[in-house]
Amino acid sequence: MCTEGAFPHRSACSLPLTHVHTHIHVCVPVLWGSVPWGMKLQCVSLWLLGTIMILCSVENHGLRRCLISTDMHHIEESFQEIKRAIQAKDTFPNVTILSTLETLQIIKPLDVCCVTKNLLAFYVDRVFKDHQEPNPKILRKISSIANSFLYMQKTLRQCQEQRQCHCRQEATNATRVIHDNYDQLEVRAAAIKSLGELNVFLAWINKNHEVTSSA
């Protein structure tokens, strides 16, 4: 319903239908210009505050949205039992694959899910398969860790299917660095090195993920 005299200088009802849309766009700046300066500042401040809160919420949600349901304590215990034996086989003590913490420290919250998913795949598809372990006791511990990683992969795969695990270029680059480090060594040596540095990845998971017990 149209009301005569809605605007002081001319009624929108007196305009032809084809000009009403243009007339409204002209009037909006006029009305905004009549708003007191203090009220303008307040509106802008509220808009900025709302934008910042939304951005912070999105970033934090990107970190916390995908829960890893597994027994991290059991994984860490399994690794500690074989850590010394694995690291004793490392013939390149001055070389590192994962221990360059700078690679993982610069990962932003939005990239945590993707990097975790990629590193789980790195261990399952390369490290565990490349390593040939003759000691049955150590092999059982490694198999237990591998099964836990497969379970975590399933959790993160569900997040990815729900479009909650985005892979940005930064995450892809960080993963590529680790694969490049791995490729610089002979396969068996690289697998030993990566197994010996597994504590770095486990500590990173504990720091960056909200982990729930699967027990």
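The values are calculated or read from the model by the stated rules, or taken from the named source; none is laboratory data. All values derive from a computational prediction rather than experimental measurement. As a convention, Cβ positions derive from the backbone with ideal geometry for all residues, glycine included, and neighbour counts pool all protein chains shown. What goes into the accessible areas is simple: the full protein's heavy atoms, side chains included, and nothing from ligands, DNA or RNA. Shrake-Rupley method; radii C 1.70, N 1.55, O 1.52, S 1.80 Å.
In order along the range 180-197, the Karplus-derived 3J(HN,Hα) couplings, from 6.51 cos²θ - 1.76 cosθ + 1.60 at θ = phi - 60°, round to 5, 4, 5, 5, 6, 9, 5, 3, 5, 5, 5, 5, 4, 4, 5, 5, x, 9 Hz, and Gly and Pro are given as x. Taking θ as phi - 60° and the Karplus parameters 6.51, -1.76 and 1.60, the scalar couplings of the range 140-149 work out to 5, 5, 5, 5, 5, 5, 4, 5, 5, 5 Hz in sequence order, x denoting glycine and proline. Restriction of the trypsin sites (Lys or Arg not before Pro) in the range 98-201 to DSSP coil positions whose beta-carbon has at most 13 other beta-carbons within 10 angstrom yields R163, R168.
For the range 77-124, the spread of Cα coordinates along the three principal axes comes to 36, 24, 17 Å, biggest extent given first.
With all protein chains kept in place, the per residue accessible area of the range 72-208 amounts to 53 square angstrom at a probe of 1.4 angstrom.
Projecting the Cα positions of N118, Y182, L150 onto the charge dipole of the range 89-215 (unit charges on Cβ atoms of Lys, Arg, Asp and Glu, taken about the Cα centre) puts L150 furthest along the positive direction.
Taking 0.36 nm per residue of separation and subtracting the current Cα-Cα distance, fully stretching the chain between Q132 and Q105 would add 6.7 nm. Seen from A85, the other residues with C-beta closer than 12 Å to its C-beta sum to a net charge of +2, counting Lys and Arg as +1 and Asp and Glu as -1. Put simply, the convex hull of the Cα atoms in the range 72-208 casts, on average, a shadow of 7.8 nm².
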